[in-house]
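K.L.:
My questions all concern the structure below.
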Amino acid sequence: MTKKKSALAWSAALLVLISALVFYNLPTAPSPAAADAGHAPVSYAQFSSDAPLGHQPGEQLPDFTLRQTDGQEFTLSQYRGKVVVLNLWATWCTPCVKELPHFDRLQQAYPDEVKVLAIHSDLITDDPLAYLEGFDYHIAFAVDESGQVISSLGGSTMLPQTLVLSPRGEVTYNQVGSVSYEALEELVRAAQTLE
């Protein structure tokens, strides 16, 4: 009888272990925050990259998090599976403010395929929030108060600067200078082909 109880105990323990393994390895449902943020979770394995970290074309941009001007957090890795367009700008930079409508138009034209984040320089002479109140932009804005994120992107005081990332988080474009809407569309299409 002891052998029978011992075998039964081992069977029960094995069943509990298998159940736990199955439960903890099931895919999770999207969190309400992810749904509210306008993007669904993606399979990171599907969009993983083994490219070296860096900010040059062909490199995988290091992950970062910034607080957006609307209070939400932007974490780069949450947008794997989409083309990400980063615009480094400042209110005092005339070419920067002239091209913001191009980024806004791009976000509206490709809401499911593209995520645009405009990052204001830490060199603040005017209040970016006050400046933005006069516009109805649909892109996300953030201020890099420490300058660390812009520095990690290869940015400097030379603005504007645009970075485009493939759905795998790899840099396909990183240039200082203004861009047109047509150029942005071409850059997005090129980045999508690297999916």
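The values are calculated or read from the model by the stated rules, or taken from the named source; none is laboratory data. Since the model is a prediction, treat every value here as computed from it, not as a measurement. Please note: Cβ atoms are built from the backbone with ideal geometry, for glycine as well, and neighbour counts cover all protein chains shown. Side chains are part of the model used for accessible areas, which takes the heavy atoms of the whole protein and leaves out ligands, DNA and RNA. Shrake-Rupley method; radii C 1.70, N 1.55, O 1.52, S 1.80 Å.
K.L.:
Once amide H atoms are placed 1.01 Å from N in the peptide plane, what residues at a sequence separation of 5 or more from K115, or on another chain, have their amide H within under 5 Å of its amide H?
P.N.:
V83, V84, V85
K.L.:
Ok, one more. Out of the total accessible area of region 87-167 (probe 1.4 Å, heavy atoms of protein only), what percent is carbon and sulfur? Please report the intermediate quantities before stating the final value.
P.N.:
Details: 1770 of 3530 Å².
In region 87-167, the share of accessible area belonging to carbon and sulfur is 50 percent.
K.L.:
Please compute the length gained on full extension between T125 and Q68, using 0.36 nm multiplied by the number of residues separating them and subtracting their Cα-Cα distance.
P.N.:
Working: separation 57, 0.36 × 57 = 20.52 nm, distance 1.88 nm.
So the extension gain works out to 18.6 nm.
K.L.:
Set the Förster radius R0 to 30 Å, insert the Cβ-Cβ distance between E182 and F135 as r into 1/(1 + (r/R0)^6), and round the FRET efficiency to 0.05. It would help to have the intermediate numbers written out before the result.
P.N.:
Working: r = 22 Å, r/R0 = 0.72.
The calculated FRET efficiency here is 0.85.
K.L.:
Which of the GluC sites (Glu not before Pro) found in region 84-169 are loop residues per DSSP with 11 or fewer other Cβ atoms within 10 Å of their Cβ?
P.N.:
Values: sites: E99, E113, E133, E145; in loops: E113, E133, E145.
The qualifying sites are E133.
K.L.:
Let me check I have the definition right: for region 71-195, take the eigenvalues of the Cα gyration tensor, multiply each by 5, take square roots. What are those semi-axes in whole Å, largest first? Walk me through the numbers on the way to the answer.
P.N.:
Values: eigenvalues 93, 47, 40 Å².
Value: 22, 15, 14 Å, ordered largest first.
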